[in-house]
Amino acid sequence: MKKVIEASMAIAIAVKLCKPAVIPMYPITPQTHIVERLADFIDDGELDSEMIHVESEHSAMSACIGAQATGVRTFTATSSQGLALMFETLFVASGLRLPIVMVNANRSLSAPINIWNDQQDSISVRDSGWIQLYAESSQEAFDTVIQAYKIAEKVLLPVMVCIDGYSLSHVYEAVDIPKQEHVDRFLPKYRPRYCLDPKKPITIGPISYPDTYMKFKKVQQDAFGDSVDVIKNVNDEFKRFFRRGYGNGLVESYMMEDAEQAVMAMGSVCGTIRTVVDDMRKKGIKVGLIKLKCFRPFPKNEIVNITAKLKGLAVIDRDISFGNKGALFTEVNSVIKSKEPLVNGFIAGLGGRDITPEHIEKAINLTMQSKECSEEWLF
């Protein structure tokens, strides 16, 4: 069934179909519509879940940790300063190997105060041990939430689904919504591998001394290595069930078969890039799009393979690692060791500033001219 709905509503419906038992929430713009819709579903009897109205985002993640540890599915959503306030507990969730799913509506961090979109918030917690998946459209956001639960529960790692605030979260698009029984077949009832149970007591989160702490971190890192194949397999399985997929689940390409130049980005800007690619193709310029869906784990092999025949690659970041460069550019540049393609980094769209077709064309043209500009700001 297709409906024209807001992306936040689409996400809320996807969460409802996944049947979380506990939803701790704290409102913050622009994610508030998601939990408001979930509250409506609970009040209307459409979702059997306990919504906990907490005191802060730190409390929201703490409540998720406690609930998930008892062996039930959980969900929460946040944005910007809220994600920053969760910082301490993000590491706890991942270190305890709890398969929590959270949606982050990407929004800039203050100061100065700004409520519009960039990806600085999620990029700033990239090392907290959460899988990070970025969605381009309402449909992809819907589908990614459902996939996220299956991925998280297979690898025992929390998953953050990132959507661009306003430019996606508040946009109305057609979304294909499957029936509950179809989602149930794809995502069976949650059966935790371990949980807090008075009948079978275990210890979760004890102190770890220097002789064991590194071993825990190594196991956590190994889980991220395992998650690469799990993400791809879940994407393939989802495609078989629902006739939709997103590249291989890690990277999605557009017009890359014969491309000599390419643009790489994450999130909703990829829709604008597709239009620019189409226009430049009409002019005979062989350019394509590489959409990075999965930022953590970082898909090194896929990026090396897909860029192997390129002459130039323009990487567009909606973030900045102060004192260095854009995070995506830095990551890509670290895995491409050859002289070709020339990899250029561009900072754009901070604080909700539009990334226009002209900006994208400028990035492509500068790269085509073999002009090295590893920190060009597109205003």
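Of the residues making up the range 21-28, at least one is in contact with a helix residue (DSSP H, G or I) (Cβ under 8 Å, 6 or more places away or on another chain) and under 16 Å from residue 165 (Cα atoms). Of all residues in the range 236-250, those being touching a residue at least 12 places away in the same chain (Cβ under 8 Å), surrounded by fewer than 21 Cβ atoms within 10 Å (Cβ to Cβ) and touching a helix residue (DSSP H, G or I) at 6+ places or on another chain (Cβ under 8 Å) number 6. If you go through the range 125-133 one residue at a time, do you hit one that is more than 17 Å from residue 91 (Cα to Cα), touching a strand residue (DSSP E or B) at 6+ places or on another chain (Cβ under 6 Å) and not basic (Lys, Arg)? Among the residues of the range 125-133, at least one is more than 17 Å from residue 91 (Cα to Cα), touching a strand residue (DSSP E or B) at 6+ places or on another chain (Cβ under 6 Å) and not basic (Lys, Arg), which makes the answer yes.
Looking only at the range 68-93, count every residue that is within 25 Å of residue 219 (Cα to Cα) and surrounded by fewer than 24 Cβ atoms within 10 Å (Cβ to Cβ) and tell me the total. Final tally of qualifying residues: 10.
Got at least one residue in the range 200-215 being within 26 Å of residue 105 (Cα to Cα) and in the same structural domain as residue 7 (by TED's automatic domain parsing)? Checking the range 200-215: not a single residue is within 26 Å of residue 105 (Cα to Cα) and in the same structural domain as residue 7 (by TED's automatic domain parsing). Could you please find all residues in the range 304-327 being hydrophobic (A, V, I, L, M, F, W, C), under 12 Å from residue 263 (Cα atoms) and touching a helix residue (DSSP H, G or I) at 6+ places or on another chain (Cβ under 8 Å)? Those that are hydrophobic (A, V, I, L, M, F, W, C), under 12 Å from residue 263 (Cα atoms) and touching a helix residue (DSSP H, G or I) at 6+ places or on another chain (Cβ under 8 Å): 313, 314, 315, 316. Within the range 1-51, being of a type in the set (Phe, Trp, Tyr) and in a helix (DSSP H, G or I) holds for one residue alone: 41.
Can you confirm whether the range 344-363 contains a residue that is in the same structural domain as residue 317 (by TED's automatic domain parsing), over 19 Å from residue 281 (Cα atoms) and more than 24 Å from the chain's Cα centre (by Cα)? No, the range 344-363 contains no residue that is in the same structural domain as residue 317 (by TED's automatic domain parsing), over 19 Å from residue 281 (Cα atoms) and more than 24 Å from the chain's Cα centre (by Cα). Within the range 80-125, the only residue that satisfies the criterion of being out of contact with any Ser or Thr (no Cβ under 7 Å at 6 or more places or on another chain) and at positive phi is 97. Scanning the range 307-326 for residues that are surrounded by fewer than 21 Cβ atoms within 10 Å (Cβ to Cβ) and either under 19 Å from the mean Cα position of the chain (by Cα) or not charged (D, E, K, R) (or both) returns 308, 320, 321, 322, 323, 324. Number of residues in the range 310-331 that are out of contact with any Asp or Glu (no Cβ under 8 Å at 6 or more places or on another chain) and within 28 Å of residue 227 (Cα to Cα) equals 9. In the range 197-209, the residues that are surrounded by 10 or more Cβ atoms within 10 Å (Cβ to Cβ) form Cβ pairs under 9 Å with partners that are at pLDDT 95 or above and not hydrophobic (A, V, I, L, M, F, W, C), at six or more places apart or across chains, as follows: 197/70; 197/71; 205/95; 208/215. Screening residue 168 with (1) free of Cβ contacts under 8 Å to residues at least 40 places away in the same chain; (2) buried (at least 19 other Cβ atoms within 10 Å of the Cβ) gives one miss only, at (1).
A Cβ distance below 6 Å, combined with a sequence gap of six or more or placement on separate chains, defines the contacts here; from the range 285-303, residues that are more than 22 Å from residue 260 (Cα to Cα) and modelled with pLDDT of 95 or more reach residues that are in a strand (DSSP E or B) and of a type outside the set (A, V, I, L, M, F, W, C) in the pairs 295/132; 296/132. Within the range 174-195, does at least one residue satisfy the condition of being farther than 26 Å from residue 248 by Cβ and assigned to a helix (DSSP H, G or I)? There is at least one residue in the range 174-195 that is farther than 26 Å from residue 248 by Cβ and assigned to a helix (DSSP H, G or I).
The values are calculated or read from the model by the stated rules, or taken from the named source; none is laboratory data. Please read all numbers here as calculations on a predicted model, not as lab measurements. Note: ideal-geometry Cβ built from the backbone for every residue, glycine included; neighbour counts use all protein chains shown.
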